[in-house]
1. Between E90 and L139, what length in nm is gained on full extension when 0.36 nm per residue of separation is reduced by their alpha carbon distance?
2. To test your reading of the geometry: what angle, between 0 and 90 degrees and rounded to tens, separates the Cα axis of helix 76-88 from the longest principal axis of the chain?
3. Starting from the Cα of L212, step 7 Å along the direction of its Cβ; do the same at H40; then give the gap between the two resulting points in nm.
4. Under 18 Å from the Cα of K173, which aspartates and glutamates turn up, not counting those fewer than eight places away in the same chain?
5. List the residues of the stretch 110-141 whose backbone N lies under 14 Å from a point placed 7 Å from the Cα of K67 along the Cα-to-Cβ direction.
6. Which angle between 0 and 90 degrees, to the nearest 10, do you get for helix 55-69 versus the longest principal axis of the chain when only C-alpha atoms count?
7. May I ask you to sort R4, R66, R110 by Cβ crowding, counting other Cβ atoms within 10 Å and putting the fewest first?
8. Determine the shape class of the chain: with a ≥ b ≥ c the square roots of the Cα gyration tensor eigenvalues, call it rounded for a/c under 1.5, and otherwise prolate if a/b is greater than b/c, oblate otherwise.
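Nothing in this text is a laboratory measurement; each read-out follows from the coordinates by a stated rule. Keep in mind the model is a prediction, meaning the values are calculated, not measured. Note that each Cβ is placed from the backbone with ideal geometry, even for glycine, and that neighbours are counted across all protein chains shown.
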Amino acid sequence: MSTRFRLAKGDQVVVLTGAGVSAESGVATFRGTGGLWEGHSLEQVATPQGFAADPQLVWRFYSARRKARRTVEPNPGHRALVALEQAVGEDRFCLITQNVDGLHTAAGSRHVLEMHGALRRTRCSAANCPLEPFEEDLLHEDEVPMCPRCGSPLRPDIVWFGESVLHDAAIHKALLKCRLFIAAGTSGTVYPANQLGSRAKARGAATILVNLEPIDPPGVDPDSEFDEFHQGRSGEILPGLVDQLISNLGPKES
Ligand code: OAD
C-alpha cells in the first residue's frame, strides 16, 4: 500500500516506535503470545513497588534482557528510519521510542528520545541521590548492586509503571511543528506514548500507523487519530514507505 502523504523540504517529522519494531530483530514484545510479561506479573518486574519487594527478581528479569540484547542486531525497519532522518535532516526529525534496547542508535539514528529509559543504563533507586545514571552491561543475576554514593540498591534505568517518562519537554517541542507523525510497532496501550498521535494530529500533522495488528485503525474506529494504516511487519513496510516519502520529497513550502 502506498501513502497519500507527501513531505516538503523543511517539514518536521516525528516517529514513535514500540516493541514491534524490534520484533524482527528477535526482541520479545510485551503483550501477546510469547510476550515478555508472560510468566511475570507486571507489578513484580515493572513497578517501583515490585522492585522494593524483590529487587533480586527484578534484576534477574532485566539481566536476562541485557543478555538477550547482546545477540540482536537492528533490522530493516530501524535502518529505514535512519534513511528518513538523513533525508529530512537531523534537526527536522525526532524519533521517540518506547524501546529500551538501544537498537535505533545502534542502527545509526541520531535524534532519538528514549522515553522509557535504556536497558544499558543503571541508576540509584533513591530519589535524592546525586549519582548520575551510568552505562553498564553487567548482569546482576545473583546480587543486587548497591549505590557507591548512598548505599541504596541500584536499579535499571527503566521507566516503570507509575513513573514519569523521560524527555517530556523535548517530546512536547518535537510535536509542536510536526507535519508528519508515524507510529510503528506499538499496541497503543501505554500512556502517555499512546497520546502522541492525537497530540500531533491536533497540531495539524498527518498521522500514519504501521503495525502488525490493527489498533483502532481508520475505517474500524471512526475516532482513530491515524489517517492511514499500513498493516504488516515494520521491517517490511517501513523501507517502502520511507522510500516513497523520500522520492516524493517536494520543494520547501513558502
Ligand atoms: P506491545 O508489546 O504492547 O505492542 C507491540 C505491538 O507491535 C503489537 O500491537 C503488535 O501487533 C505489534 N507488532 C509485533 N510485531 C511487529 C512487527 N514485526 N512489525 C510491526 N508491528 C509488530 O509493545 P509497546 O506498545 O511498545 O514500557 O508497549 C509499550 C510499553 O509497554 C513498553 O515500552 C513497556 C511496556 O510496559 C516499559 O517498559 C516502561
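1. 14.2 nm
2. Taking the Cα atoms of the chain, the angle to 76-88 is about 60 degrees.
3. If labels sit at L212 and H40, their model points lie 1.9 nm apart.
4. List returned: D11, E85, E90, D91, E114.
5. 138-141
6. Its long axis makes an angle of about 50 degrees.
7. R4, R110, R66
8. Prolate is the answer for the chain, as a/c is 1.5 or above and a/b outweighs b/c.
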